[in-house]
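Trainee: One structure is given below, represented as structure tokens, and several questions about it will come after.
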Amino acid sequence: MSKTGVFICHCGSNIAGVVAVEKVVESAKTLPGVKVAMDYKYMCSDPGQNLIINTIKEQALDRVVVGSCSPRMHENTFRMTIERAGLNPYRLEIANLREHVSWVHSEKASATDKAIKLVELAVAKVRRNEPLQKIYAEIEKRALVIGGGIAGIQAALDIAANGYKVTLVEREPSIGGRMSQLDKTFPTMDCSACILTPKMVAVAQNKDITLLTYAEVEQVHGYVGNFEVNINKKARFVSMTKCIGCGVCTEKCPSKKRLSEFNANIATRKAIYTPFPQAVPNIPVIDKDSCMYFATGKCKVCEKVCPAGAVDYTQEDEIITEKFGAIVVATGYDLYDHSSYGEYGYGEIPDVITGLQLERMINSGGPTGGHIKRPSDGKEPETVVFIQCVGSRDDAKGKPYCSRVCCMYTAKQALLLREHYPNSKAIVFYMDIRAAGKGYEEFIQRVQTEYGVLYLRGRVSRIYEKKDHLLVKGVDTLSGNQVEIKADMVVLATGLKPKKEAQNLAQLLHIGYDQNGFYTELHPKLAPVETQIAGVYLAGCCQSPKDIPDTVAQSSATAAKVGALLSKERLEIEPMISEVNPLLCSGCRMCYNACPYGAIEMEDTEIRRGEIRCVAKVLVSVCKGCGVCVAGCYCKAIDLKGWTDRQLMEQIKVISYC
Amino acid sequence: MSKTLQETARNLLAENKVEVIIGYAQGYDAFHTRPVFISNVEDVSKLIINEYCTNNLSVYLPIHKKLKVGIVTAKEQDLASIHELINEHQILEENVIIIEAAKQISSLSSELGEAQRDRGIDEEDGRQEAWKKRGYDMAVEEFEKLSAKERETFWDKEFERCIRCYACRQVCPVCYCPDCFVNRTMPKYLNEAVDMNKNKLFSLVRMLHVFGRCMDCRACNNACPVGIPLRLLTKKIAKDALELFGYVSGQGQEHPFSTFEKDELLEEIR
Amino acid sequence: MEKDINIIGFLCNWCSYAGADLTGLNRIIYPTNIKIVRIPCTGRMDPVLIMEAFHNGADGVLVSGCHPGDCHYTEGNYYWRRRHAVLKRLLEFLGIDERRFQATWVSASEGKRFAEVVKKVVDDVRSWKKNE
């Protein structure tokens, strides 16, 4: 028989003013398993807690019920109290006699009856309370950063600066990401490459950072502190160790048909290539799909010209498995594909280009040597129309959100155009100008006043292709006039969208994404870089569109979180989590499929001597104790510690027999 | 028909493609069949197939998980049950060879009334009339139109007869739990006493457990010795699965209870 | 005197239980007929527990959790919403009066609403009991 002590608190007159405490105590004494029951004016006070401790010791109690305020208030207090007396802290139940009785019922007799019932309820439950032990897990003191754009670079550098090993995985042949494609950055007009390249080099030189380019995450198992990740290192066909980065192979490669992804498709590249001259690592890859050797079995020019003998056509994809304690997701964004906009020519008018294409043209290292030229005839444009919100704030295109950076990058590009060709004209069609950032509004003002960029508030209804120019028809809603502009070129400020494969990765990691496909943070305000999966953090545009300063700030925030996690000796885990009885599990995977945290693993287990069955197993560090698995288990093989069916059934019986 | 079946079975056994064949043999008279497990070629002549093959033999598959099994299916639902068991990882697809007799007998059985075929009831014995009178052949929609009180009275009368023999559970292919919740003692969900409320609770919880997994094979309905129309319940859950979640069991969709949509059932709970 | 009705309330720890605490904090009076059982999340709610409550003699059952989107465990209440829809229909099919089994969402800041919910459930169950 259990030896339960019941302690009823008066809470001054808060409880005792309505509930006849002495009656509750008297009734409690008659309950099965109750050895002692008493009341006290303030149970949470030092003398109150000492009363509990002394009674536990004197009466050799093994369980305690406190009738007091809400468990949300003092459950922890009393857990610590009984722990001090040598009891397991989870052998405690609270009967909520204040918030759920004395404060909400005025009629004394029925309130007392209810209080008696609630104490009975707590006594019934505590009888089934098992002693629970805190769970500890080891932590693998290494971090994985997925994505090698500015977000991933910053996160990797900061984590390494905290003293932890980092692996940075990038799917492209070089790190650098979108930022490496940009020319200048708003509003300071720093040259993008000039501020980014040192960071890229710092990554390559940091002894704590392992850089895996041309690699992708294939599978993620495990849980916070103990992730096991399979990474596919795609075949480069060039030896990382032998290559000296001289570039002869690229120069001599006869294939040059492939559009350059780095140059936003306005130029071509070879089959063996480094995306851009400052690439890190500066080691080319062979794109199998455009290589003549892989298509026809003939050519091998690169192999012949390579002075280091680095070309190796026999290389194969290699999958490596590594363990990490934390993961930072920094997969960045894609640009909206404007071919769905009929009014802008379905992407088929050559002189209607995207902001990123203009960016590559303005860049002195770009294919046009820094000169803005019309794609159709290579002429310098005189009048350029910029259209904002293409694939942003457009419900009809399924993109209701603001991409946050287009107002600013359009202004920057208009400024650059005006600087480059002082005789040119820049006209911007906008919906609203969103320039909420340090120095942003001032920048917009400067672009309009100093650089004479004309801003028209309205949308463009149609772009007509004329003989040697474009006719842009739109509306200026401020004057109410229809406008027609004879333009040489149109630049679309295409919005940001999540990476095409973002959902795939989300499923691998069990993290959520919103209706627009951006990963969801744990809390929109108070946990903006955490995810619902402990140990997985978000940085940069994969979470929502943001500019470089915000991205960098967020990346450093993830590094702080990763540092806080990895600096712990071991992980302490709340013991009120699910547990499987393998004998009862049928292995139907209902729990495995439903668990919101991916905390269930199916594992071949010897359930009896000689009988091996594939049954569910709870990953203790991942389980958060929601109980979704318990409700879904037909076999009742899984139960939630601290909230077991046994405990709840006792309570149900007590109440129902009223 | 049985000859072809026997031939198929003989070949499977002779070629060592299977270790055991689960099929039907004649029962205590010509109108009843019983399950048979054949592992010797000489015994294949016991195999029969006819319109009285009403049991869902897939219920025997999980216990033969480690063997190569050939199984005779007499109706579409039995076939679906096998696929469901594969989906639920209770049997291995590569270990099961299905001998599909369903199509062959469907023409035969359609000549008999459905309810009749369900239980193998003879036209003459008059039970069919009673059957109809009790409302057993009622459609779910019709039943739903009754008042709450009428529905309660209907089921009270039915479950009063229940002797909790658990035959419905024993014959159900998806009731394969190592230890059914009703057998548990810690906690005790149900005690052994047979009373109407407990009987009802058992069947209701069983319905919730087979929700989305029941293939409407009618095995439980047929097995019930006191004739509780369990099929009315299985049809009800199938209807709800479709109406609420667009879910049809056995089609490879994710089970409704292990997934969700954020923008669904908005009016359900406020 | 006839026994008064008896309702069991399953409240999730993070929203509804806290909401009920707020009702107390605001000293809003509601009937004593309801006794509250704290659960971690509505996702934990195995329908068998609700059946047990009825089976053991409860007149009514109320289950309350976080509003959709607010679940402490992100998704628990969505699973519950599905189970609830099926259970509710099955109970009605068996003739158990719909007034006896109710579910709602109460957030941690809806103290006033919780009192209203309790009053409504008590009224509903009482009206059922009267006609019984």
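The values are calculated or read from the model by the stated rules, or taken from the named source; none is laboratory data. Treat the numbers as computed from the prediction; the structure is a model and nothing was measured. Positions of Cβ are backbone-derived with ideal geometry, glycine not excepted, and every protein chain shown enters the neighbour counts. Ligands, DNA and RNA are stripped out before the accessible areas are found, and what is left, the full protein with its side chains, is counted by its heavy atoms. Shrake-Rupley method; radii C 1.70, N 1.55, O 1.52, S 1.80 Å.
Trainee: Any idea what Rg and Dmax come out to for region A:335-497 if you just take the C-alpha atoms, in Å?
Mentor: Reported Rg and Dmax, both Å: 14.7, 43.
Trainee: May I ask you to give the solvent-accessible area per residue for chain B, in square angstrom, as obtained with a 1.4 angstrom probe?
Mentor: That works out to 47 Å² for each residue.
Trainee: Can you give the accessible area buried between chains B and A, summed over both chains, with a 1.4 Å probe, in Å² to the nearest 100?
Mentor: Summing both chains' loss of accessible area gives about 1700 Å².
Trainee: How long are the semi-axes of the ellipsoid equivalent to region A:235-315, from square roots of 5 times the Cα gyration tensor eigenvalues, in whole Å, largest first?
Mentor: In descending order, the three semi-axes are 18, 16, 10 Å.
Trainee: Let me ask something else about it. Using alpha carbons only, how many degrees (0 to 90, rounded to 10) separate the axis of helix A:150-161 from the longest principal axis of chain A?
Mentor: Tilt of helix A:150-161: around 60 degrees.
Trainee: With r as the distance between the Cβ atoms of residue B:184 and residue B:144 and R0 = 41 Å, compute the FRET efficiency 1/(1 + (r/R0)^6) and round to 0.05.
Mentor: E(calc), rounded to 0.05, equals 0.80.
Trainee: Whole-Hz Karplus ³J(HN,Hα) for region C:125-131, in order, using 6.51 cos²θ - 1.76 cosθ + 1.60 and θ = phi - 60°, x for Gly and Pro?
Mentor: The phi angles translate into 5, 4, 5, 5, 4, 4, 7 Hz.
Trainee: Here is a further query. Tell me, how many Å apart are the Cα centres for region A:312-380 and for region A:203-218?
Mentor: 22 Å
Trainee: Here's another thing I want to ask about it. How much of the accessible area of region A:335-497, probe 1.4 Å, is carbon plus sulfur, in whole percent?
Mentor: Taking all protein chains in place, region A:335-497 shows 45 percent carbon and sulfur surface.
Trainee: Moving on. Which angle from 0 to 90°, rounded to the nearest 10, does the C-alpha axis of helix A:645-656 make with the longest principal axis of chain A?
Mentor: The angle comes out near 60 degrees.
Trainee: Something else now. Just give the residues from region B:220-253 buried by at least 50 square angstrom of accessible area in the all-chains context relative to the isolated chain, probe 1.4 Å, and say none if nothing qualifies.
Mentor: Those are B:236, which lose 50 Å² or more relative to the chain on its own.
Trainee: In whole angstrom, note down how far apart the Cα centers of region C:54-132 and region B:22-69 are.
Mentor: So the two Cα centres are separated by 47 Å.
Trainee: Just to check I understand the Karplus step: with θ = phi - 60° and J = 6.51 cos²θ - 1.76 cosθ + 1.60, what whole-Hz values come out for region C:35-52, glycine and proline as x?
Mentor: 10, 9, 10, 7, 10, x, 6, 5, x, 6, 5, 7, x, 4, 5, 5, 4, 4
Trainee: Let me ask something else. Amide H to amide H under 5 Å from residue A:190: which residues, 5+ apart in sequence or cross-chain, H placed 1.01 Å off N in plane?
Mentor: Sorted by chain and number, the residues that satisfy this are A:185.
Trainee: Now for a different question. Give me log10 I(q)/I(0) at q = 0.10 Å⁻¹ for chain C, Debye formula, one equal scatterer per alpha-carbon, no solvent.
Mentor: Log-scaled intensity ratios, in q order: -0.29.
Trainee: For region B:2-104, what percent of Cα pairs sit more than 15 Å apart?
Mentor: Of all Cα-Cα pairs in region B:2-104, 57 percent lie more than 15 Å apart.
Trainee: If one computes the Cα centroid of region A:115-154 and of region A:254-274, what distance in Å separates the two points?
Mentor: 51 Å
Trainee: Pull out the extension gain between residue B:163 and residue B:248, defined as 0.36 nm times the separation in residues minus the alpha carbon to alpha carbon distance; nm, one decimal.
Mentor: 27.5 nm
Trainee: OK, next. Mark the label point 7 Å from the Cα of residue B:40 along Cα→Cβ and return the residues of region B:1-27 whose backbone N is within less than 15 Å of it.
Mentor: Of the residues in region B:1-27, B:14, B:20-21 have backbone N under 15 Å from the label point off residue B:40.
Trainee: When the helix-only estimate is applied to chain B (DSSP H runs of n ≥ 4, each -39,500 (n - 2.57), divided by the residue count), what is the mean residue ellipticity at 222 nm, nearest 500 deg cm²/dmol?
Mentor: Rounded to the nearest 500, it is -11500 deg cm²/dmol.
Trainee: While we're here: What does the helix-only formula give at 222 nm for chain A: each DSSP H stretch with n ≥ 4 adding -39500 (n - 2.57), the total divided by the residues, and the result rounded to the nearest 500 deg cm²/dmol?
Mentor: Roughly -8000 deg cm²/dmol at 222 nm, from the helical runs in chain A.
Trainee: So, one more: Which value, in square angstrom to the nearest 100, describes the accessible area buried between chains C and B on both sides, using a 1.4 angstrom probe?
Mentor: Approximately 3400 Å², summed over both chains.
Trainee: Which FRET efficiency value, to the nearest 0.05, do you get for residue A:190 and residue A:560 by plugging their Cβ-Cβ distance into 1/(1 + (r/R0)^6) with R0 = 22 Å?
Mentor: The pair residue A:190/residue A:560 has a calculated efficiency of 0.30.
Trainee: Right, next: Can you tell me the orientation of helix A:192-205 relative to chain A, as the angle in degrees between its alpha-carbon axis and the longest Cα principal axis, to the nearest 10?
Mentor: 60 degrees
Trainee: Moving to a separate point now. Report the paramagnetic label zone for residue A:206: residues of region A:555-570 whose backbone N is under 20 Å from a point 7 Å from Cα along the Cα-to-Cβ axis.
Mentor: It comes to A:555-568, nothing else.
Trainee: Give me the aspartates and glutamates in straight-line cross-link reach of residue A:3: C-alpha distance below 14 Å, same-chain residues under 8 apart excluded.
Mentor: Within reach: A:58, A:62, A:93, A:130.
Trainee: Given the Cα atoms of region A:4-126, and with Rh set as the inverse mean 1/r over their pairs in the Kirkwood sense, what is Rg to Rh to two decimals?
Mentor: 0.93
Trainee: Here's another thing I want to ask about it. Would you calculate the separation in nanometres between label points at residue A:265 and residue A:451, each defined as 7 Å from the Cα along the Cα-to-beta-carbon direction?
Mentor: 2.6 nm
Trainee: Next question. Roughly how many nanometres apart are two label points built 7 Å out from the Cα toward the Cβ at residue A:50 and residue B:261?
Mentor: Computed distance between label sites residue A:50 and residue B:261 equals 6.3 nm.
Trainee: Here's something else I'd like to know. What Kirkwood hydrodynamic radius do you get for region A:574-641 when you take the inverse of the mean 1/r over all pairs of distinct Cα atoms, in Å?
Mentor: With all distinct Cα pairs of region A:574-641 included, I get 11.7 Å.
Trainee: Moving on. Which value at 222 nm does chain C reach when only helices count, each DSSP H run of 4 or more adding -39,500 (n - 2.57), with the total divided by all residues and rounded to the nearest 500 deg cm²/dmol?
Mentor: -14500 deg cm²/dmol
Trainee: Can I ask one more? So, for chain A, what is the accessible surface per residue at a probe of 1.4 Å, expressed in square angstrom?
Mentor: 41 Å²
Trainee: I'm checking a number: the convex hull volume of the Cα atoms of chain A, normalised per residue, in Å³. What is it?
Mentor: Taking only Cα atoms, chain A has a hull volume of 223 Å³ per residue.
Trainee: Once you put a point 7 Å from the Cα of residue C:3 and another 7 Å from the Cα of residue A:377, both along the Cβ direction, what distance in nm separates them?
Mentor: According to this spin-label approximation, the distance is 9.5 nm.
Trainee: Another one. Could you tell me the calculated FRET efficiency between residue A:241 and residue B:60, based on Cβ-Cβ distance and R0 = 56 angstrom, to the nearest 0.05?
Mentor: 0.40
Trainee: Whole number please: convex hull volume per residue, Cα atoms of chain B, in Å³.
Mentor: Here the figure is 160 Å³ per residue.
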